[in-house]
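Visitor: Starting off with a structure, shown below.
Nothing in this text is a laboratory measurement; each read-out follows from the coordinates by a stated rule. Quick caveat, the model's predicted, so the values are computed rather than measured. Here the Cβ is made from the backbone with ideal geometry for all residues, glycine too, and neighbour counts use every protein chain on show.
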Amino acid sequence: MKTTFEIQKSISPLDEKVVLERLHNINNIWNVTIDLGNKSISFEYLNRNVLEVIRRELNEMGYHVINDTHQLDNSAKP
C-alpha cells in the first residue's frame, strides 16, 4: 500500500538526507520520497502498524504529521 504524509512546518534541524536514512532503517517500508518544499513524505508500506511507527519517528525528528491519504488529524490547528 502507498500513502503520503503531509507535515507541518519543520522545527527539525535535520536535512532531507538524514530523514531519508532514518526512515529507510524502519522495517516494512520502501520507496520513500521526501518533498520538504511541499511538506510531504510518501512511501509504500506492508501493514497499518507501520504507519504509527513512522508517525512516531517523524515526531521524534521534529516533523508533526497533520494529514495522510488515509485519515485527517483533526487535532492539528492550521
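Visitor: What FRET efficiency, computed as 1/(1 + (r/R0)^6) with R0 = 25 Å and r the Cβ-Cβ distance, is obtained for T33 and N59, rounded to the nearest 0.05?
Guide: Calculated transfer efficiency: 0.80.
Visitor: Sticking with this structure for a sec: Going by average Cβ density within 10 Å per residue, which order do the peptides 40-52, 12-24, 56-68 take, highest to lowest?
Guide: 56-68, 40-52, 12-24
Visitor: What list of whole percents do you get for P(r) of the range 2-68, with Cα-Cα distances grouped in 5 Å bins up to the one holding the largest distance?
Guide: Percent of Cα pairs in each bin: 4, 18, 35, 30, 12, 2.
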